[in-house]
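To keep things clear, I will list the structure first and then write my remarks on it.
The values are calculated or read from the model by the stated rules, or taken from the named source; none is laboratory data. Every value quoted in this text rests on a predicted model; they were computed, and no experiment measured them. Reconstructed Cβ throughout: ideal geometry from the backbone, glycine too, with neighbour counts over all protein chains shown.
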Amino acid sequence: MTTVDTGRTHRLGPVTDIPVGEGRAYAVDGHQIAVFRLRGGGLRAVSAVCPHAGGPIADGLIDAKVVICPLHQHVYDLATGCSTTGQPPLRVYDVRTDDDGILMLTT
């Protein structure tokens, strides 16, 4: 697992901007971040660009544990960023909610 370390909190927007079971891409400090709203209510955040061929990870299909890149169906674990199909890992970001929406934390 690789994480970005900048020691800051970023407010991304309202949770309702992301439909349940889908993802949205956000630009944060020059990085594209895909944030997913899981059906169980949790959030996950990973790099928004597939390391294989630059696919838009935020547009991928998700379940409670993985995201599938929409271009070539490579599978990535949402908690660790590790690929189950032999690709380099995605970066994983700490994301949570407060009363005002989605927060991405970097330490």
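Overview of results
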{"read-out": "Answer residue from the range 69-107, given it is assigned to a loop (DSSP other than H, G, I, E, B) and either acidic (D, E) or in contact with a Lys or Arg (Cβ under 9 Å, 6 or more places away or on another chain) (or both) and is nearest to E22 (Cα to Cα) among those", "value": "L78"}
{"read-out": "Residues being under 22 Å from D100 (Cα atoms) and more than 10 Å from the chain's Cα centre (by Cα) - total across the range 15-74", "value": "16"}
{"read-out": "Strands (runs of 3 or more DSSP E) contained entirely in the range 1-68, each with at least 1 residues that are among the small types (G, A, S)", "value": "9-13, 22-28, 31-37, 43-47"}
{"read-out": "Flag if V67 is modelled with pLDDT of 95 or more, surrounded by 21 or more Cβ atoms within 10 Å (Cβ to Cβ), among the β-branched types (V, I, T) and under 23 Å from G13 (Cβ atoms)", "value": "yes"}
{"read-out": "Subset tally (residues that are closer than 15 Å to C69 by Cβ and surrounded by fewer than 14 Cβ atoms within 10 Å (Cβ to Cβ)) for the range 6-53", "value": "1"}
{"read-out": "Complete set of residues in the range 36-70 that are out of contact with any strand residue (DSSP E or B) (no Cβ under 6 Å at 6 or more places or on another chain) and within 12 Å of L90 (Cβ to Cβ)", "value": "C50, P51, H52, G55, C69"}
{"read-out": "Condition broken by P70, with the remaining ones in (1) touching a helix residue (DSSP H, G or I) at 6+ places or on another chain (Cβ under 8 Å); (2) in contact (Cβ under 8 Å) with a residue 24 or more places away in the chain satisfied", "value": "(2)"}
